[in-house]
Ligand SMILES: O=C[C@H](O)[C@@H](O)CC(=O)C(=O)O
Ligand SMILES: [Zn+2]
């Protein structure tokens, strides 16, 4: 498991392109036949992928956690971005269609991932945060997720959010998770942008064709930088940073958050005339 430490916003303004990518961009998380995880010290958020092909994959403990097993003091959110598969939690098997979500509560000892067909594997995207209380392991399909429509065609930011793990949905200790889909012809996400000092966030871009990219914007509103992001790449957003992107085509992205609260409305909108 890779580790990324936190950076002061003033230090951030001194980084060059490669240094920003080294600190905030995550690549190669969804590799066939592997589990890849990255541990961010912003709210101790762990994110990554599990892509089982012919044999199931197990979520292994990691020495960094100094725990007996991965979920001893953690909770886990799983979103399937690929073909049909299943997740088994301590002997209970949950079928996972594309865009199904499974929340796994603290205390689960064995979590395994499998695909129905190796040629079209399930692609499980994983988000995990520390948890000191147990919440029931819960499955939720896209149909049962909370649907929020945002943006409009004139601003090329018409999009639909699907909220799975959130205040009024699947209950968790910290984790908030779902994905956003841009309608065809729309390219802007989360614009005008916002910060939320009480939560960090990670975006994983997907369903972005290989020859397209998203320019992802981060930094404090008066001091922004950008990263060129490709399909299945993720960006860490510190609590003090905006997190917004413009693509060369439409796309989807998973957002996951952890921190002081789970309140979607606890965000500070950056006024357009403030952004530099
Ligand atoms: O804090 C909330 C997160 O940034 C996302 O939910 C925003 C988002 O998906 C969007 O506006 O498209
Ligand atoms: Zn946000």
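The values are calculated or read from the model by the stated rules, or taken from the named source; none is laboratory data. Computed from a predicted model, the values in this text were never measured in an experiment. Counting neighbours? That spans all protein chains shown, and the Cβs are built from the backbone with ideal geometry, glycine included.
Name the single residue, out of those in the range 88-103 being crowded, with 17+ Cβ neighbours inside 10 Å and under 18 Å from the mean Cα position of the chain (by Cα), that is nearest to residue 259 (Cα to Cα).
103
Regarding the range 243-252, can at least one residue be identified that is away from ligand 2 (no atom under 11 Å from the Cβ), over 23 Å from residue 101 (Cβ atoms) and crowded, with 23+ Cβ neighbours inside 10 Å?
Scanning the range 243-252, I find no residue that is away from ligand 2 (no atom under 11 Å from the Cβ), over 23 Å from residue 101 (Cβ atoms) and crowded, with 23+ Cβ neighbours inside 10 Å, so the answer is no.
Every residue, every condition in (1) out of contact with any strand residue (DSSP E or B) (no Cβ under 8 Å at 6 or more places or on another chain); (2) over 25 Å from residue 223 (Cα atoms); (3) surrounded by 14 or more Cβ atoms within 10 Å (Cβ to Cβ), yes or no:
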residue: 5; (1), (2), (3): yes, no, no
residue: 8; (1), (2), (3): yes, no, no
residue: 12; (1), (2), (3): no, no, yes
residue: 18; (1), (2), (3): yes, no, no
residue: 23; (1), (2), (3): no, no, yes
residue: 34; (1), (2), (3): no, yes, yes
residue: 39; (1), (2), (3): no, yes, yes
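I need a count of the residues in the range 167-201 that are under 19 Å from residue 268 (Cβ atoms) and in contact (Cβ under 8 Å) with a residue 60 or more places away in the chain.
Looking only at that region, the number is 12.
Consider residue 149 carefully, then state whether it is outside any loop (DSSP other than H, G, I, E, B), touching a residue at least 60 places away in the same chain (Cβ under 8 Å) and either under 18 Å from residue 264 (Cβ atoms) or more than 15 Å from ligand 1 (Cβ to nearest atom) (or both).
It is false that residue 149 is outside any loop (DSSP other than H, G, I, E, B), touching a residue at least 60 places away in the same chain (Cβ under 8 Å) and either under 18 Å from residue 264 (Cβ atoms) or more than 15 Å from ligand 1 (Cβ to nearest atom) (or both).
Looking at the range 220-241, which of the residues that are crowded, with 23+ Cβ neighbours inside 10 Å and part of a strand (DSSP E or B) is farthest from ligand 2 (Cβ to nearest atom)?
For the range 220-241, the residue satisfying everything is 229.
Do you know which residues across the range 44-71 are within 16 Å of residue 172 (Cβ to Cβ) and surrounded by fewer than 20 Cβ atoms within 10 Å (Cβ to Cβ)?
44 - this is the single residue of the range 44-71 that is within 16 Å of residue 172 (Cβ to Cβ) and surrounded by fewer than 20 Cβ atoms within 10 Å (Cβ to Cβ).
Examine the range 146-154 for a residue that is modelled with pLDDT under 95 and either over 30 Å from residue 71 (Cβ atoms) or buried (at least 18 other Cβ atoms within 10 Å of the Cβ) (or both), and state whether such a residue exists. Please lay out each step first, then the result.
So in the range 146-154, the residues modelled with pLDDT under 95 come out as none.
No: the range 146-154 contains no residue that is modelled with pLDDT under 95 and either over 30 Å from residue 71 (Cβ atoms) or buried (at least 18 other Cβ atoms within 10 Å of the Cβ) (or both).
May I ask you to say which residue of 70, 99 is part of a loop (DSSP other than H, G, I, E, B) and over 21 Å from residue 252 (Cβ atoms)?
70 is the lone residue from the list that is part of a loop (DSSP other than H, G, I, E, B) and over 21 Å from residue 252 (Cβ atoms).
Name the residues in the range 91-111 that are in contact (Cβ under 8 Å) with a residue 60 or more places away in the chain and under 26 Å from residue 233 (Cβ atoms), would you?
Those that are in contact (Cβ under 8 Å) with a residue 60 or more places away in the chain and under 26 Å from residue 233 (Cβ atoms): 99, 101, 103.
Run down 215, 257 and say which single residue is more than 16 Å from ligand 2 (Cβ to nearest atom), touching a residue at least 24 places away in the same chain (Cβ under 8 Å), part of a strand (DSSP E or B) and out of contact with any helix residue (DSSP H, G or I) (no Cβ under 7 Å at 6 or more places or on another chain).
Going through 215, 257 in turn, the sole match is 215.
Residue by residue through the range 193-212, note down the ones that are assigned to a strand (DSSP E or B) and either in contact with a helix residue (DSSP H, G or I) (Cβ under 9 Å, 6 or more places away or on another chain) or within 12 Å of ligand 1 (Cβ to nearest atom) (or both).
Selection gives 194, 195, 199, 200, 201, 202, 203, 204, 205.
Quick check: is even one residue across the range 165-172 within 16 Å of ligand 1 (Cβ to nearest atom), more than 27 Å from residue 40 (Cα to Cα), surrounded by fewer than 16 Cβ atoms within 10 Å (Cβ to Cβ) and more than 17 Å from the chain's Cα centre (by Cα)?
no
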